[in-house]
Amino acid sequence: MAFREIIKLHPQQTSLDREALLRCIDACLDCTASCTGCADADLAENDVRELVRCIRLCLDCADACDATGRIVTRQTESDLSLIRAMLEACAAACLACAEECERHAAHHEHCRLCAEVCRSCKEACDDLLATIPAQTKAG
């Protein structure tokens, strides 16, 4: 993907682990699209009324992943406290969405796949979080 090359060529490199950063950005992009697609597929299901919470959490997760992916992509004058807070929020949104999608996975394949993508994104966020020095904790 082109963003990987752009980050490698950036004149002001981030202090974060580059491979963990790239995995996180990639996972956030994938999760944004997957959750948006899952919510849309939920809307087309016959049992849509049973999927309202799933739709809501998919859309929330997509927004959290989109914002997190964009923020962690920026390397100039990074605010590690903000990055930490965004990664924590994204991981929480991914976990909530994955758990809800798993409730519907037996009947909706798109929910099963979305849950897998959300768990992968949570793991990528957690991995990048682990590279942020402890003294940058927010609050």
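The values are calculated or read from the model by the stated rules, or taken from the named source; none is laboratory data. Every value quoted in this text rests on a predicted model; they were computed, and no experiment measured them. Cβ sites come from the backbone with ideal geometry, for glycine too, and all protein chains shown count toward neighbours. Calculation scope for accessible area: heavy atoms of the full protein, side chains included, ligands and nucleic acids excluded. Shrake-Rupley method; radii C 1.70, N 1.55, O 1.52, S 1.80 Å.
Tabulated values for the structure
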| item | result |
| --- | --- |
| Segment Gln13-Thr131, extension gain: residue separation times 0.36 nm, minus the distance between their alpha carbons | 41.0 nm |
| Fully extended contour minus Cα-Cα distance, from Ala2 to Asp40, at 0.36 nm per residue | 10.9 nm |
| Mean separation of Cα contacts under 8 Å, 6 or more apart, over the residue count of the chain: relative contact order % | 31 percent |
| Calculated diffusion of the chain, Stokes-Einstein form, Kirkwood radius summed over Cα pairs, 25 °C and 0.890 mPa s, µm²/s | 161 µm²/s |
| Two-site FRET efficiency, Arg49 against Ala89, from Cβ-Cβ distance with R₀ of 22 Å, rounded to 0.05 | 0.15 |
| Solvent-accessible area per residue for the chain (1.4 angstrom probe, square angstrom) | 54 Å² |
| Rounded percent of accessible protein surface that carbon and sulfur make up, segment 54-139, 1.4 Å probe | 53 percent |
| Pairwise centroid distance, computed over Cα atoms, of segment 83-139 with segment 11-60, Å | 9 Å |
| Efficiency of FRET from Cβ geometry, Arg70 and Glu109, R₀ 30 Å, rounded to 0.05 | 0.55 |
